[in-house]
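To start, the structure itself, in structure tokens.
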Amino acid sequence: MAEQHRVHLERVYDEIHAEEHPDREGEAPPGPRFLVDRLWPRGVRRSTLEEVRWVKDVAPDPELRSWFGHDPDRFAEFAERYRTELEQRPEALEPILEAARRGPVTLLYAAKDTRHNHAVVLRDHLESLLAP
């Protein structure tokens, strides 16, 4: 049985590609969509993501992001430090949590590495808060 998530992840560039090619195979990401990067993704027009809510305050602070540098060897420590940040600013999570309590949501992020990025940590943190 496949693992069920209330909080889904998708690269923002995959989202845009899907909108530009509506005949693609597969389903659109479920529920409301939230861009969870602190910086606006390069090469993406804001009009392309009009229905996406940008919640940049849930992204890691710039110093932590720079320190991590998308280095998979630093991911475990990055995840621990980022979770600490998230616990210190629970109000930033509220828009996503509120939507996720009503149904599935999708977090959009720009990182190339789909396994070692802040959105993975954020999804897991949100799901732990949503667990019964």
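The values are calculated or read from the model by the stated rules, or taken from the named source; none is laboratory data. For clarity, every value in this text was computed on a predicted model and none was experimentally measured. Neighbour counts are summed over all protein chains in view; Cβ atoms, including those assigned to glycine, are modelled from backbone coordinates with ideal geometry. Please note that ligands, DNA and RNA were not included when accessible areas were found on the heavy atoms of the full protein model with its side chains. Shrake-Rupley method; radii C 1.70, N 1.55, O 1.52, S 1.80 Å.
Which residues' amide hydrogens lie under 5 Å from the amide hydrogen of Trp54, considering only partners 5 or more residues apart or on another chain, with H built in the peptide plane?
It is Leu35, by chain and number.
If packing is taken as the average number of other Cβ atoms within 10 Å across a peptide's residues, how do 69-77, 108-116 rank, most packed first?
108-116, 69-77
Please report the carbon-and-sulfur percent of the accessible area for the chain; probe 1.4 Å, protein heavy atoms only, DNA, RNA and ligands left out.
47
From Cα pairs below 8 angstrom and at least 6 apart in sequence, can you work out the relative contact order of the chain, rounded to a whole percent?
Value for the chain: 42 percent.
Over the alpha carbons of the chain, what is the largest minus smallest coordinate on each principal axis, giving the biggest first in Å?
40, 36, 30
For the chain, what is the percent of antiparallel DSSP beta bridges, rounded to the nearest 5?
That works out to approximately 0 percent antiparallel.
Gaussian network model of the chain, Cα springs within a sub-10 Å range: biggest mean-square fluctuation belongs to which of Trp54, Trp67, Trp40?
Looking only at Trp54, Trp67, Trp40, the largest GNM fluctuation is found for Trp67.
Under a point spin-label approximation (7 Å from Cα along Cα-to-Cβ), what is the His8-Asp61 distance to one decimal in nm?
Here the answer is 3.4 nm between the modelled labels.
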